[in-house]
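Notes to accompany the following structure.
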Amino acid sequence: MGDFTGLDSVDVYAYSILLIDLSIAVVMISGLRFLTGLVANVDSAEELASRDNAAFGIAMAAGTVSLALMLTGAVSGELGASYLEEIVSVGSYGLLGLVLIKVGRLIQDKVLLRGIEIQSQIKSGNVAAALVDAANTIAIGLILRAVMLWVESETLSGLLVVLAAFVITQLLLALVTSYRIQVFARRNNGNSLQQAFAEGHVALSVRFMGHLIGVALALTAASGVVAYSEQTLWIALMTWAGVTLLFTMLVSLLAVIARNVILAGVDVAEEVDQQHNLGVAAIEAAIYISIGLFFTALFA
């Protein structure tokens, strides 16, 4: 059979592992629908089909992309020594990813954006809130994918590193969120960014989304700067944390410089904050994402 197909026993085993990984990914992604409904305390089918809730669809789509990103990190690398080892390894990382998506959403609701119940807003059809949720979810997926690729161990220590990286990621996303809240308040007589999101300010949420994803892309490059070492695991992780903090600040700084050149003569605060100019907000978002992509090209 092997001679007829051109495949030897090693090839058959490798393709069997790929089939197992693909099956786990499909199961995990399918299960995300129920998790998304659980997080928002709604029935997924009712929101999507009966109520045509676009905000819920956006949040669910972002969760799917985020989980897929994390799973690509989990299935990359060396094949498991056995079918069982591969199932346990990929399944563990996938389940961890599902849990972290839920935890990340709860942290955003209760800590990062106090004053607005993002999941309640999504349930009511607020697209701006859904884009904010999508920004956080995709950012988590991007960074954890990079960490899973960085970690050269599929043991418990590898899972602990991913968990620690998630905590660090949330702190950095909190830093970005705090920056956006303070900038908005300074430009708008102390008004609340959270209230603007609650009122459905899509332009603000698009800019916010671009900033978070741009930072997340840059943070993925940190894995290419810091060498992973089992012997000095926590030193490597702390070094990674330091580099990610530096990259977070650099993305914001470089984006401001680029914006002042690209949007010279445009009052960004007036256009986006006051006039809800979606075009200008999209350009700002693109600037953040573009700089993040340059970081990945240069360092990853």
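The values are calculated or read from the model by the stated rules, or taken from the named source; none is laboratory data. Values in this document were obtained by computation on a predicted structure and should not be read as measured data. No Cβ is skipped: glycine too gets one built from the backbone with ideal geometry, and neighbour counts run over all protein chains shown.
Results for (1) more than 22 Å from residue 161 (Cβ to Cβ); (2) among the small types (Gly, Ala, Ser); (3) outside any helix (DSSP H, G or I), shown as yes or no for each residue.
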{"residue": "218", "(1), (2), (3)": "no, yes, no"}
{"residue": "240", "(1), (2), (3)": "no, no, no"}
{"residue": "249", "(1), (2), (3)": "yes, no, no"}
{"residue": "266", "(1), (2), (3)": "yes, no, yes"}
{"residue": "276", "(1), (2), (3)": "yes, no, yes"}
| message | Could you list, ordered by first residue, the pairs with Cβ atoms under 7 Å in which the first is in region 271-285 and more than 12 Å from residue 208 (Cα to Cα) and touching a residue at least 60 places away in the same chain (Cβ under 8 Å) and the second is in a helix (DSSP H, G or I) and acidic (Asp, Glu), at least 6 apart or interchain? | response | 277/271; 280/271
| query | Any chance region 208-223 includes a residue that's touching a His at 6+ places or on another chain (Cβ under 7 Å) and modelled with pLDDT of 95 or more? | reply | no
| Is there a residue being over 26 Å from residue 67 (Cβ atoms) and either surrounded by 14 or more Cβ atoms within 10 Å (Cβ to Cβ) or out of contact with any Pro (no Cβ under 7 Å at 6 or more places or on another chain) (or both) anywhere in region 164-175? | no
| field | Within region 220-247, tally of residues that are surrounded by 19 or more Cβ atoms within 10 Å (Cβ to Cβ) and polar (S, T, N, Q) | value | 3
| request: Please tell me if residue 186 is within 18 Å of residue 284 (Cβ to Cβ), basic (Lys, Arg) and crowded, with 16+ Cβ neighbours inside 10 Å. | output: no
| task | Go through 79, 67, 71 for me and flag whichever is at pLDDT 80 or above and more than 29 Å from residue 201 (Cα to Cα). | result | 71
| Of the residues that make up region 251-264, is at least one in contact (Cβ under 8 Å) with a residue 60 or more places away in the chain and either in a helix (DSSP H, G or I) or surrounded by fewer than 20 Cβ atoms within 10 Å (Cβ to Cβ) (or both)? | yes
| request: For region 189-211, name all the residues that are buried (at least 17 other Cβ atoms within 10 Å of the Cβ) and at positive phi. | output: 200
| task | Using the structure shown, decide if residue 224 is assigned to a helix (DSSP H, G or I), within 18 Å of residue 135 (Cβ to Cβ) and touching a residue at least 40 places away in the same chain (Cβ under 8 Å). | result | no
| Would it be correct to say that residue 145 is touching a helix residue (DSSP H, G or I) at 6+ places or on another chain (Cβ under 6 Å), among the basic types (Lys, Arg) and either at pLDDT 85 or above or on the phi > 0 side of the Ramachandran plot (or both)? | yes
| task | Just give me the residues in region 1-60 being modelled with pLDDT of 65 or more and not in a helix (DSSP H, G or I), in sequence order. | result | 51, 52, 53
| Any hit, region 119-142, residues being in contact with a Ser or Thr (Cβ under 8 Å, 6 or more places away or on another chain), among the basic types (Lys, Arg) and more than 30 Å from residue 19 (Cα to Cα) | no
| message | Can you report the number of residues in region 247-298 which are within 22 Å of residue 199 (Cα to Cα) and within 18 Å of the chain's Cα centre (by Cα)? | response | 1
